[in-house]
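Read the structure below first, then the notes.
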Amino acid sequence: QVQLVESGGGLVQPGGSLRLSCAASGRSLRFNVMGWYRQAPGNQRELVATITGSASTNYADSVKGRFTISRDNAKNTVYLQMNSLKPEDTAVYYCNTFYVGMNYWGKGTLVTVSS
């Protein structure tokens, strides 16, 4: 069993920054692909970024150059550094991993970008 808990969301002005954290428990996920997804009101959930166990990364075109995904395997934690935030980044952000045939999601953390 894997539990994922996101934190770090909040209200930020356009152009500001936030760092999200996803703490995993139950199993070591150091070899697993971890991902951040987001879902805005009325929209489908979409991929934001992924990171492999060897720290290879992949980003959605909409966040390239602004967001950075990273991981600390010793802490079993994945981060999403978000810079130059835009109103269209407003969404609930979810952490995800796939482990032993099951897809795991956290409950999400709300990011609101507004002046």
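Sum up the charges of everything whose Cβ sits under 15 Å from the Cβ of ARG27, counting Lys and Arg as +1 and Asp and Glu as -1, but leave ARG27 out. Taking every other residue near ARG27 into account, the sum is +3. Surface exposure of the chain, expressed per residue as accessible area with a 1.4 Å probe, stands at 53 Å². GNM on the chain, alpha-carbon springs under 10 angstrom: the most fluctuating residue among LEU20, LEU80, LEU47 is LEU47. Across the chain, counting alpha-carbon atoms alone, Rg and Dmax equal 13.4, 43 Å.
Please report, as a whole percent, how much of the solvent-accessible surface of the chain comes from carbon and sulfur atoms (probe radius 1.4 Å). Display every interim value, and only then the final one.
Values: 3000 of 6110 Å².
After summing per-atom areas, the C and S share lands at 49 percent.
Inter-label distance, SER70 to MET102: 3.1 nm, where each label sits 7 Å from its Cα along the C-beta direction.
For segment 91-115 versus segment 60-90, the spacing of their alpha-carbon centroids is 12 Å. Given the options MET102, MET82, MET34, state which has the largest fluctuation in a GNM of the chain using a 10 Å cut-off (strictly under) for Cα springs. Ranking MET102, MET82, MET34 by mean-square fluctuation puts MET102 first.
The values are calculated or read from the model by the stated rules, or taken from the named source; none is laboratory data. Not measured: the values here are computed from a predicted model. We place every Cβ from the backbone using ideal geometry, glycine too, and count neighbours over all the protein chains shown. These accessible areas exclude ligands, DNA and RNA; they are computed on the full protein's heavy atoms, side chains included. Shrake-Rupley method; radii C 1.70, N 1.55, O 1.52, S 1.80 Å.
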